[in-house]
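Comments concern the structure below.
Every number here is computed from the coordinates shown, using simple stated rules; none is lab data. This structure is a prediction, so every number in the text was calculated from the model and none was measured. Here the Cβ is made from the backbone with ideal geometry for all residues, glycine too, and neighbour counts use every protein chain on show.
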Protein chains: 2
Amino acid sequence: MKFTSHEEYGLRCLLQIGRRGPGVGVTIPEISRAEGLSTAYTAKLLRMLRNAGFLKSARGQAGGYTLARPPEEIIIGDVLAELGGRLFEGDFCERHAGQEASCTHSSDCSIRSLWSTVQTAVDRVLSRTTLRDLLRAEESACPPEASLVRIRPSAPERAEVL
Amino acid sequence: MKFTSHEEYGLRCLLQIGRRGPGVGVTIPEISRAEGLSTAYTAKLLRMLRNAGFLKSARGQAGGYTLARPPEEIIIGDVLAELGGRLFEGDFCERHAGQEASCTHSSDCSIRSLWSTVQTAVDRVLSRTTLRDLLRAEESACPPEASLVRIRPSAPERAEVL
DNA sequence: CCGAATCTATACTCTTAAGTCAAGATTGAT
DNA sequence: ATCAATCTTGACTTAAGAGTATAGATTCGG
């Protein structure tokens, strides 16, 4: 259970584009240089984001990438799901049934519900964070201390076992 | 960002052992059979858990695995960290610095703090859940519907990407 | 002592994710 | 029309995680 490279780098690329004003195209070589990634890899990541509808691209001499929507409409949770998948995916049970026909529920339904609980905790953060929030966090004060992305207060997150 | 196979299977094995009373040894072939895993893989997972101090083992004809501590002292977060690493590890920045000397903070400190926020949300759940909790959840009512580990209201599930 | 049942350890293979390569297609400027 | 800058695509290579194989060491019962 780790953040993947695609999530890290893909999100960085998205930020590079969001940082420029709306309508300003950014090219693959520019992003590649800014982030220290190969152009080929940058292109691959941008393609993923474009196919998922977060970016749009223009070809040709004055081409480049721009956001497909305003940053406040780009949910980071959706971006990360595209780049690195969901924590607990639909086919998880089938894929982890061992040699048995199906995951033996008597032995691990408590695990299933633990996974859901974690998933929910993560979603609570990521579904409420937009690209706008990340950009705003940078504007404020980057170097200093303290968490820059603050989660709006909500019901206390407590896993409660019946 | 996904749960790993080691986390899933390793935790299942740990549950198998915790389910038996204290002091009752469980053998690799038994667990292997119960979970539908190969004995070799089961052995590998159990070894990881043993080396991390969650289990102890006895060799020989009447050998097997038992918990090294009472289940209420086994924090699931620690177990998962051992089986699948932490979401956001210490060396993450160095490992993802691209070609650059270090991760350029001006471009991604907002990402760093996002990662921390997610990590905290996950830890909040996992550091408070013990093996005892999972075992208790099973005792109650497993087959029926509904999540056994329940989160207090106000957890809107994330919307799918179109 | 001997053998069966058990755990132990390391090295190996297989699969998937990460990252690269190379050929192609579009656009705008001259 | 040509050229250079750009994105596009699919196949390829490499690295890492998942799972296997095999040989070895410990314990206990006879």
Going by how many other Cβ atoms sit within 10 Å of their own, how do A:S116, A:S38, B:S5 line up, fewest first?
A:S38, B:S5, A:S116
Please tell me the relative contact order of the stretch B:7-77 in percent, rounded to the nearest whole number, where contacts are Cα pairs under 8 Å and at least six residues apart.
35
Determine, from the Cβ-Cβ distance of B:K2 and A:R50 and an R0 of 35 Å, the FRET efficiency 1/(1 + (r/R0)^6), rounded to the nearest 0.05.
0.95
Candidate lysines - alpha carbon under 27 Å from B:K56, same-chain residues fewer than 8 apart omitted:
B:K44
Can you give the FRET efficiency to the nearest 0.05 for A:A62 and B:S57, using r as the Cβ-Cβ distance and R₀ = 45 Å?
0.10
Let me know the mean shielding of B:2-12 by other chains, meaning the per-residue number of their Cβ atoms within 10 Å of its Cβ.
5
